[in-house]
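Structure record follows, encoded as structure tokens.
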Amino acid sequence: MKALIIEDDKPLSDMLRRNLQSIAQTDVAYDGEAGLEKMLTQDYDIVILDIMLPKMNGEEVLRRIRKHKMTPIIILSAIGMLERKIEFLNLGADDYMVKPFSRDELLARVHATMRRYHRDFGSLRYSLGDFAIDYNGKMVTYRDQMLPVNGKMYEVLETLVKHKEITVTKQQLFDSVCGFYSETIQNVIEVYVYRLRKLLAQIGMSDCLQTIKTVGYRWTESGCKDGRQGAQEQ
């Protein structure tokens with residue numbers, strides 16, 4: 001797992017890094033602009049974001065990240081007012097921690113957020129009936145036969161499956177698969193999704209990949225024809 005800490009208090013940043021080092025490779029940014037730059041040019045599994053930051057405050061960083069990525073974000077703040085918590089949760093934060101906090105609370109919240117957001121957190125494999133994805137090997141199989149899903153098409157599938165039951169916008173999917181600064185046109189995502197859906201139709205699973213009109217796409221297990229046995233994560 002890879003984490004990003006955006007916190008200008010260096011002693012606190014160092015403490016957070018030490019606390020997370022047992023479960024994550026951790027990067028640190030000491031101001032909002034540097035944190036946003038790291039977020040838009042690299043992939044992280046979770047972000048710890050302070051509100052009071054130089055150059056760009058945490059609220060603006062959160063707003064800008066959410067335009068492009070769905071990475072889980074835990075807010076840090078010395079303000080424990082309920083209204084403030086609700087405000088940030090409505091802006092797209094996944095959790096809100098009030099300073100001071102213990103190491104155990106930090107790790108518990110990180111694990112809880114990862115379990116909610118990436119339901120396969122800690123898992124190396126996703127399966128739905130006879131359909132399976134091996135995240136380590138980047139392989140997709142159906143009834144133990146390998147399917148021709150590779151390259152960017154595989155990345156599109158993995159991104160959608162890891163965010164199952166959540167709508168992923170075209171912009172978020174494009175940035176995740178192609179990179180924020182890619183010169184590729186965004187419409188290429190529609191091409192990958194079309195090819196993926198065509199392949200899924202051959203095994204009776206096209207209903208798993210939904211198009212959310214004018215917004216993006218969603219992987220769902222509800223009503224998916226091959227999901228008779230339900231999802232199993234190992």
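The values are calculated or read from the model by the stated rules, or taken from the named source; none is laboratory data. Treat the numbers as computed from the prediction; the structure is a model and nothing was measured. With ideal geometry, Cβ positions are generated from the backbone for all residues, glycine too; neighbour counts draw on all protein chains shown. We work out accessible area using only protein heavy atoms, side chains counted, and drop any ligands, DNA or RNA first. Shrake-Rupley method; radii C 1.70, N 1.55, O 1.52, S 1.80 Å.
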Rank 31, 94, 14 by mean-square fluctuation in a GNM of the chain with C-alpha springs under 10 angstrom and give only the top-ranked residue. 14
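May I ask you to give the percent of accessible area on the chain that is carbon plus sulfur, with a probe radius of 1.4 Å? Kindly include the intermediate steps, with their values, before the conclusion.
Details: 5640 of 11570 Å².
Here carbon and sulfur together make up 49 percent of the probe-accessible area.
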Return the unpartnered cysteines for the chain, using a Cβ-Cβ cut-off of under 4.7 Å. 178
What spacing in nm lies between the two simple spin-label points modelled at residue 211 and residue 60, each 7 Å away from Cα in the Cβ direction? 3.8
Have a look at 75, 129, 65 and report the one farthest towards the positive end of the charge dipole of segment 62-144, computed about the Cα centre with Cβ charges (Lys/Arg +1, Asp/Glu -1). 65
Over the heavy atoms of residue 41, what accessible area does a 1.4 Å probe trace out, to the nearest 10 Å²? 70
Picking from 56, 142, 193, whose Cα lies most toward the positive end of the charge dipole for the chain (charges on Cβ: Lys, Arg +1; Asp, Glu -1)? 142
GNM of the chain, Cα pairs under 10 angstrom: of 13, 22, 206, the biggest fluctuation goes to 22
Check the straight Cα-Cα distances from residue 170 and name the aspartates and glutamates below 12 Å, setting aside those fewer than 8 residues away within the same chain. 190
What number, in percent, do you get for the relative contact order of segment 12-64 if the mean sequence gap of Cα pairs under 8 Å and at least 6 apart is divided by its residue count? 33
List the aspartates and glutamates whose Cα sits under 19 Å from the Cα of residue 138, skipping any in the same chain fewer than 8 residues away. 43, 45, 120, 130, 155, 158, 233
Which loop trypsin sites (Lys or Arg not before Pro) in segment 60-119, with loop taken from DSSP, have no more than 16 other Cβ atoms within 10 angstrom of their Cβ? 67
Cross-link table 10/162; 162/213; 55/85; 2/55; 10/152; 10/67, entries beyond 31 Å C-alpha to C-alpha: 10/162; 10/152
Got the relative contact order for the chain handy, in percent, Cα pairs under 8 Å and 6 or more residues apart? 15
Here are a few candidate values for P(r) over Cα pairs in 10 Å bins from 0, in percent: (1) 8, 33, 38, 18, 3, 0; (2) 7, 29, 26, 17, 13, 6, 1; (3) 7, 31, 32, 21, 8, 1. Which one was actually calculated from the structure I just gave you? (3)
Whole-angstrom gap from segment 1-59 to segment 164-178, using each part's C-alpha centre: 22
